[in-house]
Structure formats: structure tokens, C-alpha cells
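Reviewing the structure listed below.
Taken together, the values in this text are just the output of simple stated rules run on the coordinates, not laboratory data. Model, not experiment: these values are computed from the prediction. Here the Cβ positions follow ideal geometry from the backbone for every residue, glycine too, while neighbour counts run over all protein chains shown.
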Amino acid sequence: MENEEFLRTALYDRHVALGAQMSPFGGFVMPIQYSSITDEHNAVRKAAGMFDVSHMGEITVTGPDAEKFVNHIFTNDVSGMPCGGILYGMMLYPDGGTVDDLLVYREFAPDSYFLVVNASNAGKDYEWICANAEGYDVEVRNCSDSWSEIALQGPLAEKFMSEVLCLPSAAALSFYTFCDCTRNGDNLKVSRTGYTGEDGFELYGTHDAICRIWDVLLESGVAPCGLGCRDTLRFEAGLPLYGHELSETITPLEAGLGMFAKVDAKEEFIGRSALIAQKEAGLSRRIVGIELHDKAIPRAGYPVESGGVKIGEVTTGYRSISTDRSVCVAMVEKEYTALGTPVEIRIRKKVFPGTVCKKRFYATNYKK
Amino acid sequence: MAKTIEGLRYSESHEWVKVEGNIAVIGITDFAQKAMGAISYVDMPDVDDELSCGEEFGAVESVKAASDLYSPVSGVVVEVNEELCDAPELLNSDAFGNWIIKVEISDPSEVEELMDAAAYIELCNKA
């Protein structure tokens, strides 16, 4: 098949043995589903599921100027961040468009940061970071090939972390922090983060270490989950996906992620002046949630209309599994972004009425 | 192996057609429902809509995607299966036992252009 031209994660053979439906994503061939998207989605909401997310990119920034440099390329503010802390944010182009959204881990070693980026952007991100490092005393390394990663997500994730993986220090982490720990001689980096709206952890290690963790969790009853439900879960929780709610032409302000761009707290970062200008001029469009009054399902790319005139476009849409409602997020013109605004979505030949609502369709259950 | 039924005609876009007099009863094949996974919505045309052969007339939706439906014949929609509005999953449990629309055939020669079961099985095996 054409899948041969794509990279495989260390867990590839396990996915195939489990009968997963495999598909290309971000340069890798990844499991989309094992049993069904709905069952896997519900396993994460009600118990625990695990995802192979080894395709994610890892980039390290080290050196005397590391903090200053990360603050230069990153919208959030890492100054004064404690070791073991994690921040979500974006890297921007000078015009405010988004290079990528990412997590920045402040390592326990001095002057050292661990950046986790989207698989499809890892190469571009690395080049972007290096291209902007001139004048900074830092070393930038793309070490994506060295790391495998599993996301363990769901209300029972903590129980599996402490009782099955026997990692009490990791199980005790608070939201958006991480620790380095050892399990049976394997060095692991474990963070209390995820992309599902549920409590959970992300575990990073060598390929062999992550395969061992996968096997232990699988044997103890954690549901293997594919990228299909990863998308339905993150969508319900109001989390953006690069290429949909964020892109080279979408700024964090337009995506409704302004709280992660510290325009006021920081004096400088790439894209800051563009965001200030955009704020001053006022946004012309913004991401909103839309609920349809019908069972028809809005999908990415479908036009959003008002009185027969196109006013935006759906970026992600589903029949929400957890709420059984037809909902979507869409980029629409500013004057239609107020909660309660009636809009229509064109689905094939018909137009369906809907209402602008919050883009978080499911109440998240983070362990804060 | 997806099942087929002898005597039905099949389109390349995985619809089946059962001819009853001048009426084409149209549904999706077992192969199609398997490929879609759990079906959560069926978008159907209105009665009296005029369809031409190969024209999109609706869609079947699963969690992950919408899959367009194409009319295998030209004609006027005389009936849609309202049962699928509340129970789209019927297409998963029995794709051949649950039709989607009935069309009054305007050009019977179009039916002859469609595949028989053997040719359709060959198509599925290549997919």
C-alpha cells in the first residue's frame, strides 16, 4: 500500500496486531481506531484510554540564553517558570499567523527547555527556531526520533499511574507540571497534560521503554485509542487543532487563544506587534462554537451563512459523542460572533439553522 | 468479505438498485456500510426532487466523515425512507434490507449500465 512511504512509530507492530485501522497522519502511519471511535471516546471519558502519540515532535533548547530565547519565539511567558513547569502557547510569524502551537517544559537541568510540537510541523518548527536563534547563545536540537510517547487519559488514569505503573510521584503531579522518574531502569518524563478534556498524563521515554509501558497498560485493561477519538475528544473540550482552528493565516486572537499570548506581560516576542495592532484595530473574524438545531452534521470546510450570504467556514464539526448534539467550531465574521446569534450552515444542498455558542461543548475534568 | 445479493444492480459508488416495475429502490451496499463504520445520520432528498444519473442526492455520515450518495439512475424521487431519520444505524445492521430512496426511472437503459453482483464483488476486491 501507499503507507510504505510514511514513518512508523515503535508501537506500529502492536497496532497492527490489535487490528487497528492505520492511516497517514503528520508523516507517520498512525492508528485511527481499534474497535470504534465511539467506544474509544467513551473509554477515555468514563475510564481510561491510551494513545500512541510518538509522532509528536520534540525539540530541546539549551544554553545560557535559553530562557530569553524561548521567550523570543514563544507567545506565553517562561520567565520565572519553575523547573517541572509546563506552558502552552504558540510560535508566531511576524504578521501574527501561527507557526505552531506547542507545550514548553522547563527542564530540571539549568537553562534547558523541552518543546513538544505537532508532528506535521516538527521539521518546519525546527527550521523556524534555528533561523531565529542568531545572536542567542543557545543550542537547538530536533530529537523527535529519539522519543516515543504515550498519552494515558481518563478519570482512572491516576489510578493506573500509581497502582499499575507504580509511579506515585508522577501520579501526584498537579496539572501542567512534569517530573523525571525511573521505572524498572527506564528513564521517563511524565507530565499531567493531555488533549482530551479529561485528567491524564503524557509519558515520554525511549522507544523500548514506551513499548514496555504500553504492554503493561494494555494488559491491565487500558483501552488502546486511535487518533479518531483523539480528535472527537479534543474537539468537545474546545481544544484547537493546528491546520483547523490555528494556521499560518490564523492568529491566536482570532482563534480565541489570546490568554496564551502575553502581549502585556512580555515586552517582546515574534508576532507581538502584529497582535497589538490587531487588538487595536479590532478583530475582523473569530472562532466560535455553533450548535445546529438538526441532526445534520457540520464538517470542516462547510460554509457558515447569514441570510444566504457566506460569513464564515466550519473548521471542525461532529455529532458530539458525549453530548449527542450536532456542533462545530467555525471561523466567522466578527459581527456574528456574539453568543446566541442565529446563523446557518450549508450542508451539501440544504441550509440548516444554528446558534452561536461557547466553543467548549463538554465540561472538562482536569485535576487542578 | 462483504456480502452481495444476486439480482440487484450495483454502482461504482457502492449503491445498490433493486428494480420494481418502473421504480428503482436504492440503498448502500454492505461493503459501503462496513467502510463507513457506525452510521449516525442519513441525509436524504425530498420527494419530487429530480435526480440525474450520477448526481449527488444525499449523504451517509459516520463519526469521522460524510460519504456522498450518488443516484445510479435518472428520475424523480417518489419516496424516502423516513425510518432512517431516527434509526440510521439500520444501515449497519442490514444494508440490503433498508433502502434509502425510491426513484421513478426515466431511462431504463441506465440500469443496464450498472454492475451485476459478480462484477461488483470484483470491484470491492480491488479496493
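Place a label point 7 angstrom from the Cα of A:Thr364 along the Cα-to-Cβ direction, then list the residues of region A:88-106 whose backbone nitrogen is under 16 Å away.
Zone members listed by number: A:88-90, A:101-104.
Please give the charge dipole size of region B:1-44, origin at the Cα centre, charges +1 on K and R Cβ atoms and -1 on D and E Cβ atoms. Round to the nearest 20 debye. Don't jump to the answer; show the numbers that get you there.
Details: 4 positive and 6 negative charges, 23 e Å.
Taking the Cα centre of region B:1-44 as origin, the dipole is about 100 debye.
Short version: what are the Cα gyration tensor semi-axes of region B:9-126, square root of 5 times each eigenvalue, largest first, in whole Å?
Numbers: eigenvalues 83, 64, 26 Å².
Here the semi-axes work out to 20, 18, 11 Å.
Determine the gain in length on full extension of the stretch A:Glu134-A:Thr323; use 0.36 nm per residue of separation and subtract their C-alpha separation, reporting nm with one decimal. Show your work: numbers first, answer last.
Working: separation 189, 0.36 × 189 = 68.04 nm, distance 4.91 nm.
Extra length available between A:Glu134 and A:Thr323 comes to 63.1 nm.
Run lengths n ≥ 4 of DSSP H only: what is the helix-derived mean residue ellipticity at 222 nm for chain B, with -39500 (n - 2.57) per run over all residues, to the nearest 500? It would help to have the intermediate numbers written out before the result.
Working: 5 runs with 30 residues, N = 127.
Per the formula, -5500 deg cm²/dmol.
Which three lengths, in whole Å and largest first, does region A:33-97 cover when its Cα atoms are put on their principal axes?
Cα spread of region A:33-97 along its principal axes, largest to smallest: 48, 31, 19 Å.
Which value in Å is the Kirkwood Rh of region A:73-194 over different Cα pairs?
15.9 Å
Go from 0 up to the bin containing the longest alpha carbon distance in the protein assembly as shown, width 20 Å each, and give me the % of pairs per bin.
21, 49, 25, 4, 0
Once every DSSP H run of n ≥ 4 in chain A is given -39500 (n - 2.57) and the sum is divided by its residues, what mean residue ellipticity at 222 nm do you get, rounded to the nearest 500 deg cm²/dmol?
Values: 8 runs with 71 residues, N = 368.
Calculated at 222 nm, the ellipticity per residue is -5500 deg cm²/dmol.
Treat the count of other C-beta atoms within 10 Å as a stand-in for reagent exposure and order A:Thr251, A:Thr182 from fewest to most. Please report the intermediate quantities before stating the final value.
Values: A:Thr251 25, A:Thr182 10.
Neighbour counts put them in this order, fewest first: A:Thr182, A:Thr251.
Take the alpha carbon atoms of region A:27-83, find their center, do the same for region A:304-368, and report the distance between the two centers in whole angstrom.
After rounding, the separation between the Cα centres reads 26 Å.
Pop the C-beta distance of B:Lys126 and A:Thr355 into the FRET formula with R0 = 51 Å and round what comes out to the nearest 0.05. Numbers along the way, then the final one.
Details: r = 45 Å, r/R0 = 0.89.
Taking R0 as 51 Å, the efficiency between B:Lys126 and A:Thr355 is 0.65.
Quick check: the distance between the Cα centres of region A:216-290 and region B:38-115, to the nearest angstrom?
Result: 38 Å between the Cα centres.
Work out the FRET efficiency for B:Val111 and B:Asp86 from their Cβ-Cβ distance, taking R0 = 25 Å, and round it to the nearest 0.05.
Details: r = 31 Å, r/R0 = 1.23.
Efficiency, from the Cβ-Cβ distance: 0.25.
Please report how far the C-alpha centroid of region A:109-166 lies from that of region B:1-24, rounded to the nearest whole angstrom.
Going from one Cα centre to the other spans 52 Å.
Please identify the chymotrypsin sites (Phe, Trp or Tyr not before Pro) of region A:72-161 that satisfy two criteria: DSSP loop assignment and at most 15 other Cβ atoms within 10 Å. Which are they? Kindly include the intermediate steps, with their values, before the conclusion.
Values: sites: A:Phe74, A:Tyr88, A:Tyr105, A:Phe108, A:Tyr113, A:Phe114, A:Tyr126, A:Trp128, A:Tyr136, A:Trp147, A:Phe160; in loops: A:Phe74, A:Phe108, A:Tyr136, A:Trp147.
Answer by residue number: A:Phe108.
Cα to Cα, under 17 Å, and not fewer than 8 places away if on the same chain: which lysines meet these conditions relative to A:Lys350?
Counting by Cα, and skipping residues close in sequence, A:Lys350 has these lysines nearby: A:Lys295, A:Lys310.
How large is ³J(HN,Hα), in whole Hz, for each residue of region A:11-18 in order, when computed from phi with the Karplus curve 6.51 cos²θ - 1.76 cosθ + 1.60 and θ = phi - 60°, using x for Gly and Pro?
Going residue by residue, I get 8, 3, 4, 5, 4, 5, 5, 7 Hz, with x marking Gly and Pro.
Mind checking the dipole of region A:1-61: about its Cα centre, +1 per Lys or Arg Cβ, -1 per Asp or Glu Cβ, Debye to the nearest 20?
On the way: 4 positive and 8 negative charges, 64 e Å.
In total the dipole reaches around 300 debye.
Quick one: go through region A:137-164 and flag any residue whose amide nitrogen is under 16 Å from the point 7 Å out along the Cα-to-Cβ line of A:Thr182.
So the set is empty, nothing qualifies.
Taking the Cβ-Cβ separation of A:Val309 and A:Asp39 as r and a Förster radius of 51 Å, what is the calculated FRET efficiency to the nearest 0.05?
Values: r = 41 Å, r/R0 = 0.80.
Efficiency for this residue pair is about 0.80.
Rg and Dmax of region A:284-357 over Cα atoms: what are they, in angstrom?
That works out to 10.7, 32 Å for Rg and Dmax.
Could you pull out the GluC sites (Glu not before Pro) across region B:43-120 that fall in loop regions by DSSP (anything but H, G, I, E, B) with no more than 10 other Cβ atoms inside 10 Å? Please list the in-between numbers first.
Details: sites: B:Glu50, B:Glu55, B:Glu56, B:Glu61, B:Glu79, B:Glu82, B:Glu83, B:Glu89, B:Glu104, B:Glu110, B:Glu112, B:Glu113; in loops: B:Glu55, B:Glu82, B:Glu89.
Those that pass, being in a loop and sparsely packed, are B:Glu82.
At what distance in nm do the modelled label points of A:Glu280 and B:Glu55 sit from each other, each positioned 7 Å from its Cα along Cα→Cβ?
5.5 nm
May I ask you to give the average projected area over all directions of the convex hull of the Cα atoms of region A:57-144, in nm² rounded to one decimal?
On the way: hull surface 20.0 nm².
Mean projected area of the Cα convex hull: 5.0 nm².
How large is the charge dipole for chain A, taken about the Cα centre, if only the Cβ atoms of Lys, Arg (+1) and Asp, Glu (-1) carry charge, to the nearest 20 debye? Don't jump to the answer; show the numbers that get you there.
Details: 36 positive and 50 negative charges, 322 e Å.
Dipole size: approximately 1540 debye.
Could you pull out the longest piece of chain A with no exposed loop GluC sites (Glu not before Pro) in it, calling a site exposed if DSSP puts it outside H, G, I, E, B and it has at most 13 other Cβ atoms within 10 Å? Intermediate results must be reported in sequence, preceding the final value.
On the way: sites that count: A:Glu134, A:Glu267, A:Glu268.
With GluC sites (Glu not before Pro) excluded where exposed in loops, chain A gives A:1-133 as its longest stretch.
Straight-line reach from A:Lys368: which lysines have a Cα under 27 Å away, not including same-chain ones fewer than 8 places off?
By straight Cα distance, A:Lys368 reaches A:Lys46, A:Lys159, A:Lys189, A:Lys262, A:Lys266, A:Lys358, A:Lys359.
Which number do you get for Rg(Cα) / (2.2 N^0.38 Å) in region B:1-62?
Values: Rg = 12.5 Å, N = 62, 2.2 N^0.38 = 10.6 Å.
With N residues counted in region B:1-62, Rg over 2.2 N^0.38 Å equals 1.18.
When Cβ neighbours within 10 Å are restricted to other protein chains, what is their mean count per residue of peptide B:35-43?
Working: counts 0, 0, 7, 4, 0, 8, 7, 2, 7.
Taking the mean over all residues of the peptide, I get 4.
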